[in-house]
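Here is the structure we will look at.
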Amino acid sequence: MERAELYRWLRETDETRLAELWERADAVRRAHVGDAVHLRGLIEISNNCVRRCAYCGLRAPNVKLGRYRMTTEQILGCVRQAAALGYGTVVLQAGEDPLLTTEWVAALVKRIRVETPLAITLSLGEVDEGALRAWKAAGADRYLLRFETSNRALYDRLHPPRAGRVSDRLALLRRLRELGFEVGSGVMVGLPGQTYDDLVSDLELFRALDLDMIGLGPYIPHPETPLCGEAARAGGPEQVPNDERTTYKMIALARLVCPRANIPSTTALATLNRAQGRELGLQRGANVVMPNLTPVELRAQYEIYPGKACVNETAEACSGCLVARITRIGRTVGTGRGDSPNWTARVGPTGPA
Ligand code: SAH
């Protein structure tokens, strides 16, 4: 698909025409990744963060947020729950927390690898190559690092680097690929200052990076962040709205440009539409959901944005609810690790040499 066509779909408002886009995305999803919906158990292992991202509630200057860091035993408890609930993957996510040292994370990954057959995904922000190598050697399979927006000027404004460093997520994504990780990235939809043309470039970058996983969610303003006060029309007439429909368009178009990628129907989307958001994401290109396994007493504190869906659900309730939603729309629950067919095609069924 050319830029002009991507752009036209992003600006399309006619519901009949849009139904065509949803159908195309759903057909491509079925042909390339099938009807199985894979469950990835999300464990938010620390909400400490040294960064100052303008959009995120975990940012270091937010002193109103109570901070936590889970212990290895607490995390392993959640991992065992993931296995018991039949999930094929655990995702360990956190703010950029220097106390999650290379050695500590490597030891944790090794224990999960030894004790369970689960695939291990890490989402721990921008770390150095030594850490990535150590985690891969310990048994980590996948890494999620959204590039957030392909507009470099906007990215620099929203995502200041650590003192004396540069923030180059694209370089990191390429390193992750070379190290043999399954690589995931993505963007927020509707950032103040983000234009339709930026979204087209985001989609083209998904394709160029040949991503195995693509995460897309609406930007949701957090009152304790500087971005919250910014006018929703910061990008002028070309400003992208942070709404449900634009997020579905991005999911559908991501499926069309990267047919074999694993694409989650995200919690941020479910936050905008609690009744139907998950299902509509799955019916418009997505094939993954990420049930939350973080202990309920900590969950509210992982407040990257406010009003997060499912914040008080236990792991069991979350699993039951999602399985019911998946079956109700005629899909099946995935079994096994649910590796990306894209990655499998690249490295072979036994993994990288
Ligand atoms: N520290 C890790 C994990 C961050 S949380 C990292 O930086 O990669 C995971 C994702 O949540 C982020 O990549 C971002 O895209 C999203 N996010 C953060 N704040 C948000 C907000 N206010 N609204 C919607 N999504 C947000």
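The values are calculated or read from the model by the stated rules, or taken from the named source; none is laboratory data. Everything quoted here is computed from the prediction, not taken from an experiment. Note: ideal-geometry Cβ built from the backbone for every residue, glycine included; neighbour counts use all protein chains shown. We work out accessible area using only protein heavy atoms, side chains counted, and drop any ligands, DNA or RNA first. Shrake-Rupley method; radii C 1.70, N 1.55, O 1.52, S 1.80 Å.
Quick notes
- Count of region 143-179 residues which are away from the ligand (no atom under 13 Å from the Cβ), of a type in the set (Lys, Arg) and under 21 Å from Ser340 (Cα atoms): 3
- Checking each residue in region 80-111 for being part of a helix (DSSP H, G or I), farther than 17 Å from Arg69 by Cβ and either open to solvent by less than 10 Å² (accessible area, probe 1.4 Å) or of a type outside the set (Lys, Arg) (or both) picks out Gln81, Ala82, Ala83, Ala84.
- Per-region count, region 65-79, residues open to solvent by less than 60 Å² (accessible area, probe 1.4 Å) and either of a type in the set (Gly, Ala, Ser) or without any contact (Cβ under 8 Å) to a residue 24 or more places away in the chain (or both): 2
- Annotation: of all residues in region 53-64 being away from the ligand (no atom under 13 Å from the Cβ) and not β-branched (Val, Ile, Thr), the one that is most open to solvent (accessible area, probe 1.4 Å) is Lys64.
A quick yes/no check of all residues on (1) outside any loop (DSSP other than H, G, I, E, B); (2) within 21 Å of Asn287 (Cβ to Cβ); (3) modelled with pLDDT under 95:
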site	(1), (2), (3)
Leu154	yes, no, no
Leu172	yes, no, no
Val183	yes, yes, no
Gly186	yes, yes, no
Pro192	no, no, no
Asp198	yes, no, no
Ser201	yes, no, no
Leu205	yes, yes, no
Gly217	yes, yes, no
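- In the set (1) of a type outside the set (D, E, K, R); (2) within 13 Å of the ligand (Cβ to nearest atom); (3) in contact (Cβ under 8 Å) with a residue 40 or more places away in the chain; (4) open to solvent by 10 Å² or more (accessible area, probe 1.4 Å), Cys228 fails one condition alone, (3).
- Checked against (1) crowded, with 23+ Cβ neighbours inside 10 Å; (2) in contact with a helix residue (DSSP H, G or I) (Cβ under 7 Å, 6 or more places away or on another chain), Thr314 passes all but condition (1).
- All positions within region 277-294 that are open to solvent by 10 Å² or more (accessible area, probe 1.4 Å) and within 16 Å of Gly338 (Cβ to Cβ): Met290
- Search result, residues across region 23-40 that are surrounded by fewer than 18 Cβ atoms within 10 Å (Cβ to Cβ) and touching a residue at least 12 places away in the same chain (Cβ under 8 Å): Arg24, Asp26, Ala31, His32, Gly34, Asp35, Ala36
- Residue within region 58-72 that is under 20 Å from the mean Cα position of the chain (by Cα) and either in a loop (DSSP other than H, G, I, E, B) or hydroxyl-bearing (Ser, Thr, Tyr) (or both) present: yes
- Residue in region 183-193 that is farther than 21 Å from Glu44 by Cβ and surrounded by fewer than 19 Cβ atoms within 10 Å (Cβ to Cβ) present: no
- Residue check, Tyr219 touching a residue at least 12 places away in the same chain (Cβ under 8 Å), open to solvent by less than 50 Å² (accessible area, probe 1.4 Å), within 12 Å of the ligand (Cβ to nearest atom) and among the aromatic types (Phe, Trp, Tyr): yes
- Boolean, Ser123 is among the small types (Gly, Ala, Ser), under 19 Å from the mean Cα position of the chain (by Cα) and crowded, with 20+ Cβ neighbours inside 10 Å: no
- Filtering Arg255, Arg260, Arg274, Arg245 for residues that are of a type in the set (Lys, Arg), open to solvent by 10 Å² or more (accessible area, probe 1.4 Å) and part of a helix (DSSP H, G or I) leaves a single hit, Arg245.
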